[in-house]
Amino acid sequence: MVIHMRNRNYKLTLVIVIAMFSFFTFLSHDVLAADSRGISIEKTAKSPGPNINSGVYRALIIGNNQYQDEQGKWQPLSTAITDARVVARLLAEQYGFTDIRLLENATRRDVLFALEELANRSLKNDNVLIYYAGHGFLDDETNKGFWVPVDAEGDDHTTFLRNSTIRDEVSSIASRVQHTLLISDSCFSGSLLRSASRSISESDYTEKYFEKVSNKKSVQIMAAGGFEYVDDDYRESGHSPFTYFLINELKTNNSPMFTVSQLSGNVERAVANNVDQVPESGVLQGAGDELGEFIFIRMDVAVEGVDPERVKLEVNVIPGENTGTDTIKIEQKQPDTKQKVVPIPTL
């Protein structure tokens, strides 16, 4: 009899518990429904972002001011080094470049060594940018173009850097990586490129487009001018006209992804509207371009618990290895152990 009563009490208790649980579940559902503004209580599918190439962003930045020509043909420039420094810092701070080498007043050997070193450390999925600011030269008789290093001697072409040599070095890098971009801010720099339009309107820049061009190989060039002389200082800004508008476009860009086609189009129009100079853009012929795009990805740096204004980048001057000048490597300053630095794309 005692056992029988315990079973009845157990069953009755179980019925009461189930009823109370159902009641409070119903009540709590009503409360959540009434008080959960901005809170989703149903799992929602997250929209995946575009499958963008995730390789390392590397850059070789060259700025030549102090020309050493005893014959006086190659006069010093006033803005090339400033241009190079600002471009390097902008790429590091706003676009997530983690491997940047900055050469100032580079000799012919310095440039060739740096290009070879860049090729050796670049990997399959990487994005490589090469920027040059300095004198350029075009031989009217042979129609051959050159970069002019700081140790160039008068009209001696053997002390210059032929465009054909530059093409070979850039092609070697391009054969190893996914995206390559050469930006040349010098006279006659347009002789390096072959014109090629992507024929894309702004409305075509969708996630699918970015994913498509990111996964196709690109070997692109932006040149300060075609077959003409280019200015050194724009309205006493401390920058050449071309690099002034290049920097301006990269600084004011508020899109999470920014292609070279967009960048070059904006820079070309701005320069042509303000000075007697027409920049050009295209591809490096024979280097394997597949109509892909070099994409600048806008980045922010967030430090947990630290004012963003206190997050800085340090520039470390490292004695050049096997070169005649110093090499400057831009690195992120290491935070304290209690702080965590997380790059966050502004997607």
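Read the figures in this text as sums done on the coordinates, not as results from a lab. Nothing here was measured: the structure is a model prediction, and the numbers come from that model. Because the Cβ atoms are built from the backbone with ideal geometry, glycine has one as well, and the counts that use them run over all protein chains shown.
Need the full-extension length gain, Val56 to Asp155, defined as separation in residues times 0.36 nm minus the C-alpha distance. One decimal, nm.
On the way: separation 99, 0.36 × 99 = 35.64 nm, distance 3.95 nm.
Extra length available between Val56 and Asp155 comes to 31.7 nm.
Taking 0.36 nm per residue of sequence separation and removing the Cα-Cα distance, the Thr252/Asp168 pair yields an extension gain of 26.8 nm. Relative contact order for segment 57-302: 22 percent, from Cα pairs under 8 Å spaced at least 6 residues apart, divided by residue count.
Of the listed peptides 177-183, 77-83, 165-171, what is their order by residue-averaged count of other C-beta atoms within 10 Å, with the highest listed first?
The most tightly packed comes first, giving 177-183, 77-83, 165-171.
Using 0.36 nm per residue, how much length does the chain from Glu116 to Glu141 gain when fully extended, once their Cα-Cα distance is taken away?
Details: separation 25, 0.36 × 25 = 9.00 nm, distance 3.03 nm.
Going from the current span to full extension adds 6.0 nm.
Arranged from highest to lowest average of other beta-carbon atoms within 10 Å per residue, in what order do the peptides 114-127, 258-271 appear?
Details: 114-127: 17.1, 258-271: 20.8.
Packing proxy ranking, top to bottom: 258-271, 114-127.
Rounded to the nearest 20 Debye, what is the dipole magnitude of segment 57-302 about its Cα centre when Lys and Arg each give +1 and Asp and Glu each give -1 at the C-beta? Walk me through the intermediate numbers first.
On the way: 23 positive and 37 negative charges, 206 e Å.
For segment 57-302, the charge dipole is close to 980 debye.
Over all pairs of different C-alpha atoms, segment 57-302 has a mean inverse distance whose reciprocal, the Kirkwood radius, equals 17.9 Å. For the pair Lys212 and Ala272, a Förster radius of 25 Å applied to the C-beta separation gives a FRET efficiency near 0.25, rounded to the nearest 0.05.
Projecting the Cα atoms of Ser255, Gln220, Leu182 onto the dipole axis of segment 57-302, where Lys and Arg carry +1 and Asp and Glu carry -1 at the beta carbon, places Ser255 farthest toward the positive end.
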